[in-house]
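A.B. asks: Take a look at the following structure, please.
The values are calculated or read from the model by the stated rules, or taken from the named source; none is laboratory data. Remember, it's a predicted structure, so these values are computed and weren't measured experimentally. Cβ coordinates were reconstructed from backbone atoms using ideal geometry, including for glycine residues, and neighbour counts include every protein chain displayed. These accessible areas exclude ligands, DNA and RNA; they are computed on the full protein's heavy atoms, side chains included. Shrake-Rupley method; radii C 1.70, N 1.55, O 1.52, S 1.80 Å.
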Amino acid sequence: MIIVLFGAPGVGKGTQAAILAERLNIPHLSTGDAFRQAIKSETPVGLLAKRYVDAGELVPDTVVAQIVEEALSQPRFLPGALLDGFPRTRPQADALSEILSKQNRDIHSVVNIQVDNSAIIERLLLRGRADDSHEVIQHRLDVYQAETQPLLDYYASKGVLVSIDGKGAVADVTQRILSVLPTATA
Ligand code: ADP
């Protein structure tokens, strides 16, 4: 089962993905984590991605799509995947649908986690990751609004979009997500 966790930077996608991976027994695939790991290990992808990640820009679509395609071809993703941080642009959404159709799979649900911007900025400043300076956070939010948010309409038109409130305790948000996924997954 392919589930996309969707939402602005800082809405808690990574936190929820880690919990849901255990609850649903489906592995978590975070493109952000993949890039941070590649940057740390100084792989060719990491060297390419570093300046984009540091600046809060999107890594080029083709690079991201290739990483996701490679990952989703691994046997451990046969049961499905919880996608976190991908797709983030329309070309990435198209790439995902192509990757999945080659594998005879489809997106089951896109879960839109909603938190307002002021709460997001507060959370990210507390997190304090290298790319979490006030300036870079604001830029990531602007990029989200321009490039990623429009995908909500696209997935709504496909009938796979569900939205939940991402505020409050982590466990409450998890429950809200589980409650909107079909019973077979709960
Ligand atoms: P956040 O959601 O808090 O911005 P992520 O860990 O998802 O954090 O992503 C960190 C950075 O990795 C992004 O700002 C971007 O540079 C890069 N990145 C992650 N996923 C993608 C993607 N799908 N397309 C392009 N760049 C990405």
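A.B. asks: So residue 109 ticks every box in (1) closer than 21 Å to residue 176 by Cβ; (2) polar (S, T, N, Q); (3) open to solvent by 50 Å² or more (accessible area, probe 1.4 Å) but one. Which box is left unticked?
C.D. replies: Among (1) closer than 21 Å to residue 176 by Cβ; (2) polar (S, T, N, Q); (3) open to solvent by 50 Å² or more (accessible area, probe 1.4 Å), the lone unmet condition for residue 109 is (3).
A.B. asks: Any idea how many residues of segment 74-106 are outside any helix (DSSP H, G or I) and closer than 28 Å to residue 137 by Cβ? Can you show your working first?
C.D. replies: Applying the first criterion (outside any helix (DSSP H, G or I)) to segment 74-106 yields 74, 78-89, 103-106.
Keeping just the survivors that are closer than 28 Å to residue 137 by Cβ gives 81-89.
Of the residues in segment 74-106, 9 are outside any helix (DSSP H, G or I) and closer than 28 Å to residue 137 by Cβ.
A.B. asks: Out of 86, 77, I need the residue that is more than 13 Å from the ligand (Cβ to nearest atom) and either touching a Pro at 6+ places or on another chain (Cβ under 8 Å) or modelled with pLDDT of 95 or more (or both). Which one? Before the answer, list the steps.
C.D. replies: Numbers: 86 fails: more than 13 Å from the ligand (Cβ to nearest atom).
Being more than 13 Å from the ligand (Cβ to nearest atom) and either touching a Pro at 6+ places or on another chain (Cβ under 8 Å) or modelled with pLDDT of 95 or more (or both) holds for just one of 86, 77, which is 77.
A.B. asks: If residue 157 satisfies every condition in (1) farther than 28 Å from residue 50 by Cα; (2) of a type in the set (Ser, Thr, Tyr); (3) open to solvent by less than 60 Å² (accessible area, probe 1.4 Å) but one, which is the exception?
C.D. replies: Here residue 157 meets the rest and fails (3).
A.B. asks: Which one is surrounded by the most Cβ atoms within 10 Å (Cβ to Cβ), of the residues in segment 19-69 that are away from the ligand (no atom under 11 Å from the Cβ), of a type in the set (D, E, K, R) and more than 18 Å from residue 94 (Cα to Cα)?
C.D. replies: Here the residue is 23.
A.B. asks: What tally of residues in segment 32-73 results from selecting those that are closer than 22 Å to residue 8 by Cα, among the aliphatic types (A, V, I, L, M) and in a helix (DSSP H, G or I)? Reasoning before the result, please.
C.D. replies: So in segment 32-73, the residues closer than 22 Å to residue 8 by Cα come out as 32-37, 49-65, 67-68.
This time we only want the ones that are among the aliphatic types (A, V, I, L, M), so: 34, 49, 53, 55, 58-59, 63-65, 67-68.
Next, from what is left, pick out any that are in a helix (DSSP H, G or I): 34, 49, 53, 55, 63-65, 67-68.
The qualifying residues number 9.
A.B. asks: Please go through segment 155-172 and give me each residue that is of a type in the set (Val, Ile, Thr) and over 10 Å from residue 114 (Cβ atoms), ordered by number.
C.D. replies: Kept after step one, since they are of a type in the set (Val, Ile, Thr), are these residues of segment 155-172: 160, 162, 164, 170.
Those that are of a type in the set (Val, Ile, Thr) and over 10 Å from residue 114 (Cβ atoms): 160, 162, 170.
A.B. asks: For residue 7, are the conditions met, namely being in contact with a strand residue (DSSP E or B) (Cβ under 6 Å, 6 or more places away or on another chain) and either closer than 19 Å to residue 179 by Cα or touching a residue at least 40 places away in the same chain (Cβ under 8 Å) (or both)? Full working, then the answer.
C.D. replies: On the way: in contact with a strand residue (DSSP E or B) (Cβ under 6 Å, 6 or more places away or on another chain): yes; either closer than 19 Å to residue 179 by Cα or touching a residue at least 40 places away in the same chain (Cβ under 8 Å) (or both): yes.
Considered against the rule, which asks whether it is in contact with a strand residue (DSSP E or B) (Cβ under 6 Å, 6 or more places away or on another chain) and either closer than 19 Å to residue 179 by Cα or touching a residue at least 40 places away in the same chain (Cβ under 8 Å) (or both), residue 7 comes out as yes.
A.B. asks: Which ones in segment 117-140 are free of Cβ contacts under 8 Å to residues at least 24 places away in the same chain and assigned to a loop (DSSP other than H, G, I, E, B)?
C.D. replies: Once the filter is applied, which keeps residues that are free of Cβ contacts under 8 Å to residues at least 24 places away in the same chain and assigned to a loop (DSSP other than H, G, I, E, B), segment 117-140 yields 128, 129, 132, 133.
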